[in-house]
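Here the structure comes first, spelled out in C-alpha cells, and everything after it is commentary.
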Amino acid sequence: MSAVGGPDVASGPRRPPAPLRKNRDFLLLWLGAGLSVLGDRAATVAFPLLMVWYGGSTVEAGLVGFAGLLPMLLVQLPAGVVVDRLDRRRTMIVCDVAGLLAMGSVAVALAQGRLWLPHMLVVAFVEGTAAIFYRLSERAAVRNVVHEAHLSTALSQNEARARAAGLLGQPLGSSLYGAAKWSPFLFAAVGHLAALVGLLLIRSRFQTAERRHEPWRMRAEIGEGFTWLWGQRFLRAAILLVAVTNILFQALSLALVLIVKESGGSPATIGLIGLVSGVGGIAGALTGSRFVRRLHPGTVMISIFAVWAALMPLVAVTTNVFVLAALFAGTSFAGAVLNLMAGVYQVQTTPDAMQGRVGAVAGLLSSGASSLGALAGGFALAAVGSTTTVLAVAAVMLGTFVTAALTPAVRGARRDGTPPSPPARPADAADGPS
C-alpha cells in the first residue's frame, strides 16, 4: 500500500522521507499559491481605494466589497462537491486562469481610463469564487503531495504563508495603487500567472481516489459532507466552539477601534497594532507544528481557549498601544496554532474523496456567523461603551473555555482521530445491568 506523498517499499527497511525543503512539488505549490494569495490581498485592498478615490462613491465601494464576500455564502458548499468530484489540479488551474483574466481585465480597463461598476462587481465575485475553489483544492491536495510525516509542517507553512500575505497585502496594495491605480490588479494577475506555471510543473497527483462518474447529486453530496462531519464528535464540538470565538473576535476588533479613538489615537495606531498582531500570527503558524505533534488536539484547543480567556479582559483595562499590540499578538499567535491543529486533524481524519465537502462545511459553520459578531459588537459599543463590551466578550470567552474543558469529545480527542474511550464501568456493575 502506498504511503501518503510517496511510494511504499514492499520489502527491506523503510527509508526516512527526504526533508520537506527538497520536495519540489510542494515548493512549487506553496510558492505559486503564496504569490496568488498575496496578489489577491493587494487587489482586495485596492478595490475600495479605487471606488472611493477614483470612482468617488462609498456606496459603490461597499457594493464591490459585498460582491467579493458573497461567494462565501453562495459558493462554498457547491465548491466542496466540485473539489471532490473533479481533478483538483485542473480545478486550481481553472481558478488561476479565471483570476488572471479577471484581474488583467481591470488593469487593462484602468490603464485606458475606464471604470464601470458592473465590471468591478463581476470581477470581485469571480475572484472571490475562484479563491474558494482554490483554497479547498489546495488543502485537500497537500496530503497527497507531501509525506505523512511532513503534513503538520506543510500545513504550518501554509498557515504562515496566508498570514504573511494578509500582513503584507495591505501596505503593498495601497503602495501599488499610489504608484498607478491599475498596478495592484496587474500584480494580482501576475501572481495568478506564476501560480498557473507552478501547477503545470507539478508531477504529483492531487488525489488518491479516482474521480466519481455517476450523475451529480449536489444536495445529496453536500448532505454527505454534513453527515460525515456531524458524526465526528471532536470536529463537531470544535467547529461549534470556534464559531463562537469567531463572533467574539469580530466584536473585540471593533471595540479596539473605539478604544484607540477614545484614547486619542489615530488610524495609524490601529495599523501598528495590526502589524504586531500579524507578526504574532506568523510566529504561531511557524511554531505551531511543534504543539500539534506533541499534544493531543483537545489539549491544544483547551489551552488556546484558556489563553484567550486570560488575554481578552486585559484589553478593557489599558489604552497603552504597546500593551494592546502585545495582547493582540498573543491572541493571533494562539489563533494560528488553533487553525493549524484544526487543519491537520481535519485533513488526517477526512477520507480523501470527501476533503472538499468537509472543508467547505467546516468553513461555513465556523466562519459563517462572523458577521453577527460585528453587528452585535456595534450595537453593544453604542449602548454600553467599549469597557463593558470587552468585559462581556471576555465573560463569554471564559464560558466557552469552561465548556470546552468539560466536553468529553474535546478532552479525549486523539492525534490519530480515534474517539475517546468510554468511561470505565463500576466494578460492581460489570456483570449485570445497573
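The values are calculated or read from the model by the stated rules, or taken from the named source; none is laboratory data. This is a predicted model, so every value here is computed, not measured. Positions of Cβ are generated from backbone atoms using ideal geometry, with glycine treated the same way; all protein chains shown enter the neighbour counts. The protein model used for the area step is the full one, side chains on, heavy atoms only, and it has no ligands, DNA or RNA in it. Shrake-Rupley method; radii C 1.70, N 1.55, O 1.52, S 1.80 Å.
Summary table
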| quantity | calculated |
| --- | --- |
| Residue-by-residue Karplus 3J(HN,Hα) for segment 91-103, coefficients 6.51, -1.76, 1.60, Hz, glycine and proline x | 4, 5, 4, 4, 4, 5, 5, 4, x, 4, 5, 5, 5 |
| Packing rank of 272-279, 152-159, 60-67, where each peptide gets the mean count of other beta carbons within 10 Å, highest leading | 152-159, 272-279, 60-67 |
| Where only alpha carbons of segment 199-316 are counted, the Rg and the Dmax (Å) | 20.7, 63 |
| Solvent-accessible area per residue for the chain (1.4 angstrom probe, square angstrom) | 48 Å² |
| Fraction of accessible area attributable to carbon and sulfur, the chain (%, probe 1.4 Å) | 67 percent |
| Answer label, with percent of Cα pairs over 43 Å apart calculated from the coordinates and candidates (1) 14; (2) 11; (3) 30 | (1) |
| Alpha-carbon gyration tensor eigenvalues x 5, square-rooted, for segment 128-278, Å | 35, 25, 16 |
| Listed residue (SER253, PRO71, MET103) projecting farthest to the positive dipole end of the chain, Cβ model | MET103 |
